[in-house]
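Since the structure comes first, as structure tokens, the remarks are kept for the end.
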Amino acid sequence: MKSPLLSLPGAVPAEGVDEGVAAHYGDLFREQRALADGTGFVDLSHRGVVAVTGEDRLSWLHLLLTQHVSELPAGQATEALILSANGHIEHALYLVDDGTTTWAHVEPGSQEALIAYLESMKFFYRVEVADRTADTAVVHLPAGSIAEAPASAVVRETPYGRDLFLPREELEAYAAQAGPPAGILAHEALRVEQHRPRLGFETDHRTIPHELGWIGTAVHLQKGCYRGQETVARVQNLGKPPRRLVFLHLDGSEVHLPPSGAEVRLPDDGPDGRKIGFVTTSVRHHELGPVALALVKRNVPVDARLVAENTAAAQETVVEP
């Protein structure tokens, strides 16, 4: 979905999975500071939107998701995963129920595969699943924002701000009165600062929830009966995940950021040393400078200095080894 807000002054289109919205509007650090101060908004209208209706919707989703949602109160935000049979992360859903419909926004372009899976699991449950991406836009208001949400919007309120499920036809009018726009790069910089994983960025084909700190926030350990639950319980009770998420403070003297997928090594091993992890997301933060998230092997010492591609890095623990 190409956002009409790309016509706003200074808008520079994002690339890759975030294509369709603005990367920034001309001043990345100003946009970050505005979000950190609780002003402005982020256009996330490229994200997929899925709606589930029907009287069985919550009890049915409870059987499929990693999160406890059978008694989810109306208006309470949560997040959940869908795992493979082996416990690997396949989908991440950011949910809220408005009393009649459960709304979820998901990674751009992933809604079709998600809906196909949900449709295959309907059986005799009284539920309907719909792709609402074409008529519903996601807008993010940062924590501390006093901007009002339109009466037509479904609001998902979290510690990091509010996500609005807004009728797409109202997007331009709302943007005109919601404050200064901030691009997806500013939103990503704050996400990295907050150590929040993102599907397809911090995940690969074998990522399990424990590696990213999604236990508790997206995975409820006191419920069972979902695909991949055996792996979650086994790792939680009997072992440790093979990798762990870390936050990297990068050497600010380097001009280029290490890209996603860049190898992480121990500096004593030299440039041809063994790979002990990889960069997942790297950003330039308005206060912290160049920083990144990375996945490293669990047994890497928490105080070890690291090298991300050719850039020296100090690590900060996100997931305990």
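The values are calculated or read from the model by the stated rules, or taken from the named source; none is laboratory data. A quick note: this is a predicted structure, and the numbers were derived from the prediction, not measured. So basically every Cβ, Gly included, is an ideal-geometry build from the backbone, and we count neighbours across all protein chains shown. Ligands, DNA and RNA are stripped out before the accessible areas are found, and what is left, the full protein with its side chains, is counted by its heavy atoms. Shrake-Rupley method; radii C 1.70, N 1.55, O 1.52, S 1.80 Å.
Give the separation of the Cα centroids, the range 275-321 to the range 199-217, in Å.
16
Just to confirm, what accessible area per residue do you get for the range 82-126 at 1.4 Å probe, in whole Å²?
44
Can you spot the lysines whose alpha carbon is less than 23 Å from residue 223's alpha carbon? Ignore those fewer than 8 places along the same chain.
Within reach: 122, 240.
Within 10 Å, count the other beta carbons around each residue, average over each peptide in 313-320, 7-14, 99-106, and list them highest first.
Ranking the peptides 313-320, 7-14, 99-106 by packing returns 99-106, 313-320, 7-14.
In Å, what is the Rg of the alpha-carbon atoms in the range 195-314, and how long is Dmax?
So, for the range 195-314, Rg and Dmax equal 15.6, 50 Å respectively.
For 152, 45, write out the residues from largest to smallest accessible area, computed with a 1.4 angstrom probe and no ligands counted.
I get 152, 45, largest accessible area first.
Starting from the residue with the highest accessible area, list 244, 274, 33, 57 in decreasing order, probe 1.4 Å.
These residues rank, largest area first, as 274, 33, 57, 244.
What order do 240, 2, 297 take when sorted by accessible area (1.4 Å probe), most exposed first?
Result, largest first: 2, 240, 297.
Could you tell me what percent of the accessible area of the chain is made up of carbon and sulfur, with a 1.4 Å probe and every protein chain present?
After summing per-atom areas, the C and S share lands at 51 percent.
Counting other Cβ atoms within 10 Å, which GluC sites (Glu not before Pro) in the range 3-72 have at most 12 and lie in a DSSP loop?
Counting only loop positions with at most 12 other Cβ atoms within 10 Å, the GluC sites (Glu not before Pro) in the range 3-72 are 15, 55, 71.
Tell me, what is the FRET efficiency for residue 30 and residue 116 to the nearest 0.05, using R0 = 45 angstrom and their Cβ-Cβ distance as r?
Working from the Cβ atoms, E equals 0.65.
Return, ordered by residue number, the residues of the range 142-161 whose backbone nitrogen is under 19 Å from a label point located 7 Å along Cα→Cβ of residue 170.
142, 145-158
Filter the trypsin sites (Lys or Arg not before Pro) in the range 181-241 to those in DSSP coil with at most 16 other Cβ atoms within 10 Å of their Cβ, and list the result.
Loop-located and lightly packed - 206, 223.
Could you work out the relative contact order of the range 71-134? I mean the mean sequence separation of Cα pairs under 8 Å and 6+ apart, divided by the number of residues, in percent.
23
Restricting things to Cα coordinates, could you compute the convex hull volume per residue of the chain in Å³?
For the chain, the hull spanned by Cα atoms encloses 129 Å³ per residue.
Could you grab the relative contact order for the range 1-107? Cα pairs under 8 Å, six or more apart, rounded to a whole percent.
That works out to 20 percent.
Are there GluC sites (Glu not before Pro) in the range 107-211 that DSSP puts in a loop and that have at most 13 other Cβ atoms within 10 Å, and which ones?
Here the GluC sites (Glu not before Pro) that fit, given the DSSP loop and packing criteria, are 148.
Based on the Cα gyration tensor of the range 34-136, what are the three equivalent ellipsoid semi-axes, each the root of five times an eigenvalue, rounded to whole Å and given largest first?
Computed over the range 34-136, the values are 23, 16, 14 Å.
Report the relative contact order of the chain, percent, no decimals, based on alpha-carbon pairs under 8 angstrom and at least 6 residues apart.
About 19 percent, as a whole number.
Given the rule -39500 (n - 2.57) for each run of at least 4 DSSP H residues, summed and divided by the residues of the chain, what is its mean residue ellipticity at 222 nm, to the nearest 500 deg cm²/dmol?
-4500 deg cm²/dmol
Write down the accessible area per residue of the range 134-193 in Å², having rolled a 1.4 Å probe over the full set of protein chains.
Counting only protein heavy atoms, the per-residue value for the range 134-193 is 41 Å².
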